[in-house]
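Just dropping this structure here.
The values are calculated or read from the model by the stated rules, or taken from the named source; none is laboratory data. Keep in mind that what you see is a predicted model, and the values were worked out from it rather than measured. Neighbour counts run over all protein chains shown; Cβ positions are idealised from the backbone, glycine included. Surface accessibility is based on the protein's heavy atoms, side chains included, excluding ligands, DNA and RNA. Shrake-Rupley method; radii C 1.70, N 1.55, O 1.52, S 1.80 Å.
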Amino acid sequence: MNATFATWHHHFEQPRANKLVETAVIAIILFSALLIGAKTYEETTRLEQWLLVLNTSITVFFLVEILIRMAAEKRLRNFFRQGWNVFDFVIVMASLVPLDKSDMVLLARLLRIFRVLRLVSLIPELRVLMAALVKSIPRMGYVALLMFIIFYIYAAVGSFLFADIDDFLWGNISAALLTLFRVATFEDWTDVMYATQEAYAWSWLYYLTFIFLTAFIFLNMMIGIVLDVMQRESVEIEIENGEGEAAELHGLRADVHELRDQLTRMERLLQAQGAGLSQLDQARGRR
């Protein structure tokens, strides 16, 4: 029974570690994304039956692929200990929602869109970027909070000063916040500044200081946080790879030492047998 299980486990483990299979999975994911985009065109309505067949085939392919990966694990719980495996499992299971004329059709289509995210779990470089992004969110949250405080102060000042000039842009705090977001993204911000400069010639100082704080300082702070986390993630991966190589080398050395010990024992055993045979020949010669 154990031999049969080991044989099947070996058969399932080979395609999981095969680069060609991994490349094929990536290609199918990209094709699935293109298929979803093709459904947004009216010209493809006459090919709806073929698109449905292709979508079903892709769903079955993903289901078989995830089942093979689960079967390749010695224990099923080991598969679910990795977050990316759980993510892939959820995406594949969500794709099994029937795509028909029922009320679930919109949900099913939305869930199938997320199959593109499986590229993140398959490509190591994307996993590093995603891990860095997730880990940098808490630190970026404090920068975003400080940015919101600056936004709110400038919005309140702008609402008090410029509400009479343009009620649509500066009439209240929410409108002023939207206007400042437009200024921070450089979306025709000079038009907003020129309108207020007609009444307040010094208003350019208001906009330049705001842009300097938000677009230059805070944006660079966020970029710095992401780069710092990415660098740490890269170092951790290099350390893990180094530890893995060191462990593999240590295992090989242990195997070599064990082989040497076995050879030494065999050599001693042969020497003992040779000595015994020599003594037996000498005893026969005396007789």
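Just to check I understand the Karplus step: with θ = phi - 60° and J = 6.51 cos²θ - 1.76 cosθ + 1.60, what whole-Hz values come out for the range 196-210, glycine and proline as x?
7, 5, 5, 9, 10, 5, 7, 5, 4, 5, 4, 6, 5, 5, 5
Round to a whole number: what % of the accessible area of the range 139-237 belongs to carbon and sulfur, probe 1.4 Å?
70 percent
Still on this structure, I have one more. For Leu122 and Lys39, compute 0.36 nm times the residue count separating them, minus their Cα-Cα distance, and round to one decimal in nm.
Gain in length upon complete extension: 27.3 nm.
Follow-up question, since we're still on this one. Note down the net charge around Phe80, summing +1 for each Lys or Arg and -1 for each Asp or Glu among other residues with Cβ under 14 Å from its Cβ.
Neighbourhood net charge equals +3.
Within the set of other residues whose C-beta is less than 9 Å from the C-beta of Val192, count the net charge using Lys and Arg as +1 and Asp and Glu as -1.
Within the 9 Å Cβ shell, the charges total -2.
Taking 0.36 nm per residue of sequence separation and subtracting the Cα-Cα distance, how much length would be gained by fully extending the chain between Tyr152 and Asp261, in nm to one decimal?
31.7 nm
Same structure again: Output wanted: per-residue J couplings in Hz (rounded whole) for the range 53-65, from phi through Karplus 6.51 cos²θ - 1.76 cosθ + 1.60, θ = phi - 60°, x for Gly and Pro.
With coefficients 6.51, -1.76 and 1.60, one gets 5, 5, 5, 5, 5, 5, 4, 5, 4, 5, 5, 5, 5 Hz.
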